[in-house]
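Engineer: This is the structure, below, for whatever I ask next.
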Amino acid sequence: MIVLGSTGSIGVAALEIASAFSREVEALAAGRNISLLNQQIATYRPKFVAIADERDLGGLEARGARVFVGGDGICEMLEIASSSLVINAIVGFAGLKPSLHTQYCKKTLALANKESLVAGGWLLDTKAITPIDSEHFGLWYLHTNRAIRRLVITASGGAFRDTPIHAIKEQTKSSALKHPNWQMGQKITIDSASMMNKIFEILEAYWLFGYKEIEAFIERSSSVHALIEFVDGSTTAHFALPDMRLPIAYAIDPIKAAATAIIPPMDLSQILSIRFDPIGLDRYPLYGLKDMLLEDPKLGVIVNASNEQAIAHFLQDRIKFGALSEIVEQALSVFAPRLTELDSYHAIASLDAQVRAWCDELIQSRIS
Ligand code: NDP
Ligand code: MG
């Protein structure tokens, strides 16, 4: 198999499951954490390796692997590799091109990179995707051919779920990166605190399952990941401890996963304390974008680009937490009226770049 984003939180867990299931790792792609990539190369001995930046070539210990550089390098690597399974665990918009190319190469796309669906779901064969996101794995687990009334996914509430509302705007990265339940990469941890992660996941659910009747609730323990309400009045729920190895194992080998104790079972006595609370817009203003995005999912390109760019500035302590939602909303007001068909990767990448440049200028003007 091939692991893109191998040095990240999902990538490392995917390699752990690959070892447990004795799967050969043919190719790895990483960003700039070359020391961890070198360790992974020593352990897994891949035939192919891709890195994001040619300046890191000097530190790379490829041990005979053929080396590729950049997004186009990943695509070339996908063409040459013979593996049929690609786990895309790259973070951000950089994951879209490899997702498209995985399907172009007729390989199976196991997708953690939810930004691929947010910024380009209409260009992907979404029925052929295996989701690596706890909520979408939960929906897949529960899905039957009975008529569905509504899909429900849960949110932990993120780092600021108990912060006084008036104090949230002034928060900085040190507090935003403290997720109560999950250990994840920096960007998704910030997206969880702002509830953008749930907006992304609602779009992800729309693209994967084809329903627009989707709602999210806060479930603080992250032990219920998804529920399906059926037309007949039944509701089913997926319970599991918060551990991404479960969806990853199913993406790698569903038959082995079902026959293996991947994670311990839940303590059923906890279930009595589970509550589902609505997501308040005073605490999570970005959740207010839900209906607009379901109405016109291509707005996801603008939301994704402005959010990703604003987070990059936030992680450099150039803006406060409250600016994230303001920047996304302003970007939408500027770019949504000019939205075009976006019927190619090139068109999407061009709009993504325009939105980012606009955000940089806006942030610069706010600072100076
Ligand atoms: P991390 O930040 O931990 O990892 C991101 C990975 O992407 C790293 O390997 C990084 O490399 C690599 N990367 C970044 N930019 C590039 C690039 N331009 N080219 C190649 N590789 C690149 O993130 P997570 O693992 O937490 O998340 C990955 C994706 O999975 C995200 O889209 C996230 O939303 C999604 N996801 C994550 C979950 C989680 O529990 N973590 C749950 C559900 C979904 P390097 O570090 O070497 O720079
Ligand atoms: Mg999730």
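The values are calculated or read from the model by the stated rules, or taken from the named source; none is laboratory data. Keep in mind that this is a model prediction, so the values were computed, not measured. Cβ: placed from backbone, ideal geometry, glycine included. Neighbour counts: every protein chain shown.
Engineer: Which residues, counting only those in the range 131-172, are among the small types (Gly, Ala, Ser) and within 14 Å of ligand 1 (Cβ to nearest atom)?
Structural biologist: SER134, GLY138, ALA155, SER156, GLY158
Engineer: Taking the conditions exactly as written (touching a His at 6+ places or on another chain (Cβ under 8 Å) and among the aliphatic types (A, V, I, L, M)), does ILE274 satisfy them or not?
Structural biologist: Considered against the rule, which asks whether it is touching a His at 6+ places or on another chain (Cβ under 8 Å) and among the aliphatic types (A, V, I, L, M), ILE274 comes out as no.
For (1) more than 23 Å from GLY300 (Cα to Cα); (2) of a type in the set (A, V, I, L, M); (3) in contact (Cβ under 8 Å) with a residue 12 or more places away in the chain, each residue gets a yes or a no:
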position: GLU170; (1), (2), (3): yes, no, yes
position: SER174; (1), (2), (3): yes, no, no
position: THR189; (1), (2), (3): no, no, yes
position: GLU213; (1), (2), (3): no, no, yes
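Engineer: Continuing with the same structure: Could you tell me whether any residue of the range 271-283 is touching a Ser or Thr at 6+ places or on another chain (Cβ under 8 Å), of a type outside the set (S, T, N, Q) and assigned to a loop (DSSP other than H, G, I, E, B)?
Structural biologist: Checked the range 271-283: at least one residue is touching a Ser or Thr at 6+ places or on another chain (Cβ under 8 Å), of a type outside the set (S, T, N, Q) and assigned to a loop (DSSP other than H, G, I, E, B).
Engineer: Now for a separate question. Looking at (1) outside any helix (DSSP H, G or I); (2) of a type outside the set (Phe, Trp, Tyr); (3) buried (at least 19 other Cβ atoms within 10 Å of the Cβ); (4) not assigned by TED's automatic domain parsing to the domain that holds ALA193, find the lone condition where ALA251 falls short.
Structural biologist: All conditions pass for ALA251, except number (1).
Engineer: Kindly provide the set of residues from the range 96-125 that are within 22 Å of LEU246 (Cα to Cα) and either within 16 Å of ligand 2 (Cβ to nearest atom) or within 12 Å of the chain's Cα centre (by Cα) (or both), ordered by number.
Structural biologist: Selection gives ALA110, LEU111, ALA112, ASN113, LYS114, GLU115, SER116, LEU117.
One line per residue, one yes/no per condition, for (1) exposed (fewer than 12 other Cβ atoms within 10 Å of the Cβ); (2) in a helix (DSSP H, G or I); (3) under 23 Å from the mean Cα position of the chain (by Cα); (4) not assigned by TED's automatic domain parsing to the domain that holds PRO285:
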site	(1), (2), (3), (4)
GLU329	no, yes, yes, no
LEU332	no, yes, yes, no
PHE335	no, yes, no, no
LEU342	no, no, yes, no
HIS346	yes, yes, yes, no
LEU351	no, yes, yes, no
GLN354	no, yes, yes, no
CYS359	no, yes, yes, no
LEU362	no, yes, no, no
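Engineer: Find the residue count for the range 141-168, including only residues that are under 21 Å from the mean Cα position of the chain (by Cα) and free of Cβ contacts under 8 Å to residues at least 40 places away in the same chain.
Structural biologist: 2
Engineer: Cβ-Cβ distance below 8 Å, separation of 6 or more or different chains: which pairs start in the range 46-57 with a residue that is surrounded by 12 or more Cβ atoms within 10 Å (Cβ to Cβ) and end on one that is aromatic (Phe, Trp, Tyr)?
Structural biologist: PHE48/PHE68; VAL49/PHE68; ALA50/PHE68; ILE51/PHE68
Engineer: Another question about this same structure. Kindly list the number of the only condition in (1) under 23 Å from the mean Cα position of the chain (by Cα); (2) over 24 Å from ALA167 (Cα atoms); (3) of a type in the set (Ser, Thr, Tyr) that fails for SER273.
Structural biologist: (1)
Engineer: Also, quick follow-up: So LYS178 clears everything in (1) surrounded by fewer than 16 Cβ atoms within 10 Å (Cβ to Cβ); (2) modelled with pLDDT of 95 or more except one condition, right? Which one?
Structural biologist: (2)
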